[in-house]
Amino acid sequence: MTAAADARTGAHGRPRGRPSFLRGYFWLLAFLLYLPLVILFVFSVNANTSLTFPLKGFTLGWYEKLFASENLLHAVGNSMVVAVASSAVATVIGTMLALLLSRFEFRGKGLLTGLAILPLIVPYVVLAVALLILFHALGIQSSILTLVVGHAVVALPYTTLIVLARLVGSEVELEEAAMDLGATYPGALRLVVIPMAMPAIVSALITAFTVSFDEFAIALFLAGRDTTFPVYLFGQLRFANTLPVLIAAAVLLMVGTVALILSADRIRRR
Amino acid sequence: MSAGTEPVSGRVGRAPARPTDPPRRPPTNPRRWTFLGLSVPATLGLLAFLVAPLALMVSLSLHRELSPDLLGPFEPTLEQYQQAASVGNYWQILQTSALIAFVVALAATALAYPIAYFLAFRAGPRAGLYLILLLIPFWTSYLLRVMAWKLMLGNAGVINSTLTGLGIIDEPLKGLLFSRNTVVVTLVYVWIPFATLPLLAVLGRIDVRLHDAAADLFASPFQQFRRITLPLSLPGLAAAFLMVFIPTIGEYVTPLLVGGNAGIMYGNVIQDFFTRSGNWPLGSALSVVMVALTLTLVVVGLRVVQPRRLLGR
């Protein structure tokens, strides 16, 4: 994308750096996008319980309190567990689907593709209540486990598409060569195809992790008593005096998420 | 290995290879075992946790009431659908939600277009960096960004407390929060970076020589845009619209946070039936209606977008 843009600037665009309406518009939007993040950060180090200007002075007290709040840490822990488990499941199934869709011809292929991306189309609230009905019918109580299922379902389209994009672009000659050299087909998959797709698989894993970690719409229905961080945050929004601690926690998690996303992007480009 | 010489895109053996079908003949082809090993768990997973829940939801919507035994036999009835059509204003709320999603998708696409244009044609070598800059906020917690706006717009929020603190106004400005407009504005704001992606995908592939040719034929910059750039970016515009419209129509979190009573959407009604009022069959019927509507729109939309064209094939 960047390279394409480079090539075209000379011919089509006006010289870079000159102020223009488009440039100004871009930076205005960027400002508006970052404003809430900056506000959150400022109030996470402001020595005042109420989130109002003028500021009362610098403090790291909210960050200290955060590590003393058991409920909060417990909720973050739950989010971690759910995100790790659901992203692992979604990545394994997604990789299997990507292999099927890229390396085999079979009847019902279109149907399988449709099913794999269906969670992108069905509204989250509907997916959540449908799973709620399933677990109710089976007599299963809502818990971390039911939420892992829910998050694995919504992350599946992402993992499938990320791995599929890599497998479709790769050459099948390599695995044919491996088999000419005596590898069985599963062996060729394990020794050639999977390692070749590994950057995409890791990227899929990280993407699924972040999808789950931030997810609220489904967690509200399926988490039961095991609140995750977004659900806990939502429940606490009413109580003004705990807000700065929550914001501090959110800032830390935000930094973590961004680092993860950037590394996923790096790995995928390799 | 016989499989090595077989074209990889060929059929798996000769068995009718539906994902769940057991092989009719003894497997002679090692690829078939791999196929089964991959397709059986993946298909079972999709059936158990995607197809079965949605099927159960449809079945529950045909129930008279929430029976403890959902899997047992029952007498199907359309009572819930009749209720949904006659009692309450669900149809009206669904229309409102569709309208909100339409406005949000249209606005987000329109506002994202200049951004994508800037990145594709004017940003120069730093376009990639600018794109990441734009996407980082999108990947931070949705709940928190909406909450931050709430902090800024609320009665005791940043804007009001600053204005009253400076003595510019005596009473806090009301109406910044808890209305349908707040929901629309918040959603547009949240979706703009996302809507930029499909637009950038089509704009980035436009051959610049077309512009040069048009310029040689004395087309003004505006004519170049209207006759070349805009028509070529139509698939991207449609894709961006759909990618915003689909998640927005089922939205319930944003109305919950900033909408108040005036800003509720169809998703909130469904949520209520499954949490507070506990009328699951009616909630299921309403969900089925929404899924049917969404799927119809997507099928129609895909006809227009033609994703293959978007991928440049």
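Overview of values
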{"quantity": "Single unsatisfied condition, residue B:254 versus (1) at the interface with chain A (Cβ under 9 Å from one of its Cβ atoms); (2) within 20 Å of residue B:186 (Cα to Cα)", "calculated": "(1)"}
{"quantity": "Residue in the range B:257-268 that is among the hydroxyl-bearing types (Ser, Thr, Tyr) and either touching a Cys at 6+ places or on another chain (Cβ under 8 Å) or farther than 18 Å from residue B:142 by Cα (or both) present", "calculated": "yes"}
{"quantity": "Residues of the range B:39-91 satisfying the condition of being among the acidic types (Asp, Glu) and either under 19 Å from residue B:274 (Cα atoms) or surrounded by 13 or more Cβ atoms within 10 Å (Cβ to Cβ) (or both)", "calculated": "B:65, B:69, B:79"}
{"quantity": "Residue list for the range A:157-176, filter: touching a helix residue (DSSP H, G or I) at 6+ places or on another chain (Cβ under 8 Å), more than 8 Å from chain B (Cβ to nearest Cβ) and either outside any helix (DSSP H, G or I) or not β-branched (Val, Ile, Thr) (or both)", "calculated": "A:157, A:158, A:161, A:164, A:165, A:166, A:167, A:170, A:174"}
{"quantity": "Residue under evaluation residue A:267, criteria (1) within 9 Å of another protein chain (Cβ to nearest Cβ); (2) under 17 Å from the mean Cα position of the chain (by Cα); (3) of a type in the set (A, V, I, L, M), criterion not met", "calculated": "(1)"}
{"quantity": "Which listed residue, of B:237, B:242, B:297, B:302, is touching a Ser or Thr at 6+ places or on another chain (Cβ under 9 Å) and assigned to a helix (DSSP H, G or I)", "calculated": "B:237"}
{"quantity": "Scope the range A:88-109; condition within 9 Å of another protein chain (Cβ to nearest Cβ) and among the hydrophobic types (A, V, I, L, M, F, W, C); matching residues", "calculated": "A:89, A:92, A:93, A:96, A:97, A:99, A:100, A:104, A:106"}
{"quantity": "Failed item, numbered, when residue B:186 is tested on (1) more than 9 Å from every other protein chain (Cβ to nearest Cβ); (2) of a type in the set (S, T, N, Q); (3) farther than 27 Å from residue B:296 by Cα", "calculated": "(3)"}
{"quantity": "Condition met for residue B:202 (more than 10 Å from chain A (Cβ to nearest Cβ) and either of a type in the set (Gly, Ala, Ser) or buried (at least 16 other Cβ atoms within 10 Å of the Cβ) (or both))", "calculated": "yes"}
{"quantity": "Test: residue A:207 is modelled with pLDDT under 85, over 21 Å from residue B:152 (Cα atoms), in the same structural domain as residue A:142 (by TED's automatic domain parsing) and under 14 Å from the mean Cα position of the chain (by Cα)", "calculated": "no"}
{"quantity": "Helices (runs of 4 or more DSSP H) wholly inside the range B:17-126 containing at least 1 residues that are modelled with pLDDT under 85", "calculated": "B:30-46, B:79-86"}
{"quantity": "Residue in the range B:107-155 that is farthest from the other protein chains (Cβ to nearest Cβ), counting only those that are more than 30 Å from residue A:249 (Cβ to Cβ) and among the β-branched types (Val, Ile, Thr)", "calculated": "B:109"}
{"quantity": "Residue check, residue B:149 at pLDDT below 75 and under 28 Å from the mean Cα position of the chain (by Cα)", "calculated": "no"}
{"quantity": "Any hit, the range B:269-276, residues being farther than 27 Å from residue A:29 by Cβ and among the charged types (D, E, K, R)", "calculated": "yes"}
{"quantity": "Count - residues of the range A:133-152 that are at the interface with another protein chain (Cβ under 8 Å from one of its Cβ atoms) and out of contact with any Gly (no Cβ under 9 Å at 6 or more places or on another chain)", "calculated": "5"}
{"quantity": "Top-ranked residue in the range A:177-189 [being touching a helix residue (DSSP H, G or I) at 6+ places or on another chain (Cβ under 6 Å) and free of Cβ contacts under 8 Å to residues at least 12 places away in the same chain; ranked as nearest to residue A:153 (Cα to Cα)]", "calculated": "A:186"}
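The values are calculated or read from the model by the stated rules, or taken from the named source; none is laboratory data. Predicted model, so just to flag it, every value in this text is computed and none were measured. Positions of Cβ are generated from backbone atoms using ideal geometry, with glycine treated the same way; all protein chains shown enter the neighbour counts.
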